[in-house]
Each structure stands twice: as structure tokens, then as C-alpha cells.
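The values are calculated or read from the model by the stated rules, or taken from the named source; none is laboratory data. Owing to the predicted nature of the structure, the values given are computational and were not obtained by experimental measurement. Using ideal geometry, Cβ is built from the backbone for each residue, glycine included, and neighbour counts are taken over all protein chains shown. SASA here: full protein model, heavy atoms, side chains in, ligands and nucleic acids out. Shrake-Rupley method; radii C 1.70, N 1.55, O 1.52, S 1.80 Å.
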Amino acid sequence: MEIRVLKYFLAVVREESISAAAEYLHITQPTLSRQMKELEEELGVRLLNRGKKNRKITLTDEGMLLRQRAEEIVTLADKTEAEFHTADEIISGDIYIGGGETDAMRLIARAARKLQEDYPLIKYHLFSGNADDVAERLDKGLLDFGIFIEPANMEKYDYLRLPAADTWGVLMRKDSPLARLDHIEIRHLKEVPLITSQQSMISNEFSGWGRHDFDQLNIVATYNLVYNASLLVAEGLGYALCLDKLVNTTGNSELCFKPLEPRLEAHLNLVWKKYHVFSKACEKFLEKVQNEFHIHI
């Protein structure tokens, strides 16, 4: 498969029309149709459903899989090309950073802002997801750095521990029975429906904290981004185990946050794949993080 043809395919998917995609790509419709037909023959599957009446293009199951893979391949190819086109005397380029929702992302933002003062041509691209999502993209080369909230599997990565820690607790409605408490203990969690993170290894962390089998708790839903979990909490579905400072609980908010007791903190690490060859922009960013927060490998 050629990168060019994958870009053609993604244009067809986006425009939902061969003719509209051909116009966007500045090629003829017969040429684009032939390219899509040859791509299907190369893969041995049908990728596109071609509507008869409105001629609208939809994807087969195989087409949906290729769209996901094509987006990853094209992104990685563009990222690689941009890195090689960076001039030696000018530090520029793109830095791809993924991380979970955490207030400590302010540290990364601070380092990025200060680096931009010296190297204004550097651009940043952020991806939000839990440690499993970020690890997958790191492994595929789609991210340069990840922010892992512990616990996380660090075997495949080099990392810097950031000088920050988030506090675990429970997000709940202000009119909930537990809202009158100053803190939440394991005995309280046994009595309520819980909404928890999908991140692997979280269950081990809480099992150790509460000395209770995490799977025995009444888990009614899981999440990977806490904003959506907060909507479930607001609607009364349950109580969300999450980190502090991620959801607004001030003023007219109907939600409140109560820390766990004993206190449970999550430390944060800036990680990158072992033996990863950094672009000049990424090297400068890592240096800035180390110098800004006085971190030594």
C-alpha cells in the first residue's frame, strides 16, 4: 500500500463521495475510482459500499478497520517526514504528548510555554486518554511522550518522575448521603454503586489500599475520561473514584469531591519509549522539563 493511496482513501471516507473526493484531491473521478478498486483488489476485500441513489459512500467493516489503520499510518508518515525536513540551524517541528486527565499537566504546559519563548516554531499536539491508550500510541510511534499516572507498567519506557502528585477520592452529588463526610473509607465504598477508571492496574492499587478485593465492590460503570463520568454522577448513577481538581465542584456545581482515608496519592511520570530517537524539538523539550523542575535521570 502506498501512503498516497491511503490518503486518497481517507479523502473518500471524509467526503463520502468519489466525485467530491476527486475534486478535493484535484484528480479525475475515473482515476480515483480506479485507485480505490485496485486498493480493494490488493487487500482482497470490499472496503466501500457505493450507494445507487444518492451515490453516498459508506464503509464496510473492513473499510472501517482500514480507516483506523490508515489514519495511524498517515499520521506517522507525516510526523517522520516533518522531522527529517527540520533544518539543522532552526529548531522547529512537532511534539506529540499524550496523557490522562490530571492537574499536573500544568507542569508540562509551563515547560512548553517557556520553551516556546526560545523556539517559537515548535508545535504541540495533545492526546487525552488513560495509561493504556497512551501506551498503545507510544508503542506505535504516534506519540513522543506520555504522562502516566501511577500505577502504570513502566517496563518498556524511560521516564522522569514529575514533582507533583494527585489525590484519589470520590466524586459525588452534594445531596448524597456520603457528602456530609470529610473523607471516604473502604467501608463506605462497599455500600454504594461505583464508577471507576478503565485503566489496567487500578484495581490492584485499590485492592492494596483497602485490603479488600476490588472486584467485589459494586462497580456499575467504567470510564476513561472523568468528564463523562461526572455526568453519570450528576445523573445519580453512582459515585466516581477519580483524582481531585479535574471536575469543577465549586459555586453552583451539584458535585463535591471527598478524599480517601487513608490518603492515596498518584504520582506522575513523563515517559518515552526506550531507545526512541528524538527529534531536535523533542530533545529541547526534555531538557526544558529537566531544567525547569530540577529532575535528573
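Kindly write out, for region 221-226 in residue order, the coupling ³J(HN,Hα) from the Karplus curve 6.51 cos²θ - 1.76 cosθ + 1.60 (θ = phi - 60°), rounded to whole Hz, with x marking Gly and Pro.
6, 10, 8, 10, 10, 6
For the residue pair Asp139 and Ala109, what label-to-label distance in nm results when each label sits 7 Å from Cα along the Cα-to-beta-carbon direction?
3.1 nm
How much of the DSSP beta bridge set in region 1-144 is antiparallel, as a percent to the nearest 5?
Beta bridges within region 1-144, antiparallel portion: roughly 30 percent.
Which value, in Å to one decimal place, does the Kirkwood hydrodynamic radius take for the chain when every pair of different Cα atoms is included?
22.3 Å
Show the residues, 5+ positions off or on another chain, whose built amide H is closer than 5 Å to the amide H of Gly100.
Gly129, Ile147, Ile149
Given region 1-67 reduced to its alpha-carbon atoms as identical point scatterers, what log10 I(q)/I(0) does the Debye formula return at q = 0.11, 0.17 Å⁻¹?
-0.21, -0.52
What FRET efficiency comes out for the pair Tyr227/Lys37, r = Cβ-Cβ distance, R0 = 35 Å, nearest 0.05?
Plugging the Cβ-Cβ distance into 1/(1 + (r/R0)^6) gives 0.25.
I want to verify the translational diffusion coefficient of region 190-256 in µm²/s; compute it with Stokes-Einstein, Rh as the Kirkwood radius over Cα pairs, at 20 °C and 1.002 mPa s.
Once the numbers are plugged in, D ends up at 170 µm²/s.
Can you pull the one-decimal nm distance between simple spin-label points at Ser253 and Arg69, each 7 Å off the Cα toward Cβ?
4.3 nm
Please report the accessible area of Asp175 (heavy atoms, 1.4 Å probe, ligands and nucleic acids excluded) in Å², nearest 10.
Asp175 exposes around 110 Å² with every protein chain in place.
Could you run the Karplus curve 6.51 cos²θ - 1.76 cosθ + 1.60 with θ = phi - 60° over region 278-284 and give me ³J(HN,Hα) per residue in whole Hz, x for Gly and Pro?
For region 278-284, the Karplus curve yields 7, 6, 4, 5, 5, 4, 5 Hz.
Could you tell me the relative contact order of the chain? Use alpha-carbon pairs under 8 Å, at least six residues apart, and round to a whole percent.
21 percent
What residues qualify as long-range amide H neighbours of Ile95, i.e. H under 5 Å apart, gap of 5 or more or another chain, H built at 1.01 Å from N?
Long-range HN contacts for Ile95: Lys123, Tyr124, His125.
Determine by what factor the alpha-carbon radius of gyration of region 248-297 differs from 2.2 N^0.38 Å, reporting the quotient.
1.88
Find the centroid of the Cα atoms in region 220-272 and in region 149-179, then give the distance between the two in whole Å.
Using only Cα atoms to place each centre, the spacing works out to 9 Å.
Taking Cα atoms, how many degrees apart are the long axis of helix 105-118 and the longest axis of the chain, rounded to 10 and kept between 0 and 90?
50 degrees
What FRET efficiency comes out for Lys190 versus Ile90 if R0 is 51 angstrom and r is the Cβ-Cβ distance? Round to the nearest 0.05.
Efficiency, from the Cβ-Cβ distance: 0.30.
I'm a student and want to see the number: the projected area of the Cα convex hull of region 1-147, averaged over all directions, in nm².
Result: a mean projected hull area of 11.4 nm².
Semi-axes of region 67-130's equivalent ellipsoid from the Cα gyration tensor, sqrt of 5 times each eigenvalue, largest first, rounded to whole Å?
Square roots of five times the eigenvalues give 22, 21, 5 Å.
Show Val220, Val5 ordered by accessible area, largest first, where the area counts protein heavy atoms only and the probe is 1.4 Å.
Val220, Val5
Rounded to the nearest 0.05, what FRET efficiency is calculated for Phe293 and His183 with R0 set to 30 Å and r the Cβ-Cβ distance?
Approximately 0.50, to the nearest 0.05.
Taking each pair of different alpha-carbon atoms in region 158-297 once, compute 1/r for the pair, average those values, and report the inverse of that mean as the Kirkwood hydrodynamic radius in Å to one decimal.
16.9 Å
Got a sec to turn the phi values of region 176-185 into Karplus ³J(HN,Hα) couplings, 6.51 cos²θ - 1.76 cosθ + 1.60 with θ = phi - 60°, whole Hz, x for Gly and Pro?
6, x, 7, 5, 7, 7, 7, 8, 10, 10
From the helices alone, meaning DSSP H stretches of at least four residues, give me the mean residue ellipticity at 222 nm for the chain, per-run term -39500 (n - 2.57), in deg cm²/dmol to the nearest 500.
Helix contribution divided over all residues of the chain: -12500 deg cm²/dmol.
Could you identify which residue out of Ser207, Ser279, Ser253 has the top mean-square fluctuation in a GNM of the chain using Cα springs shorter than 10 Å?
The residue with the greatest mean-square fluctuation here is Ser253.
Quick one: length gained pulling Leu237 to Arg161 fully straight, 0.36 nm per residue minus the C-alpha distance?
23.8 nm
For region 130-217, place one equal point scatterer on every Cα, skip the solvent, and apply the Debye formula. What is log10 of I(q)/I(0) at q = 0.21 Å⁻¹?
-1.09
Under 10 Å, Cα contacts only: if you run a Gaussian network model on the chain, which one of Phe84, Phe127, Phe257 comes out with the highest mean-square fluctuation?
Taking springs between Cα atoms under 10 Å, the residue moving most is Phe84.
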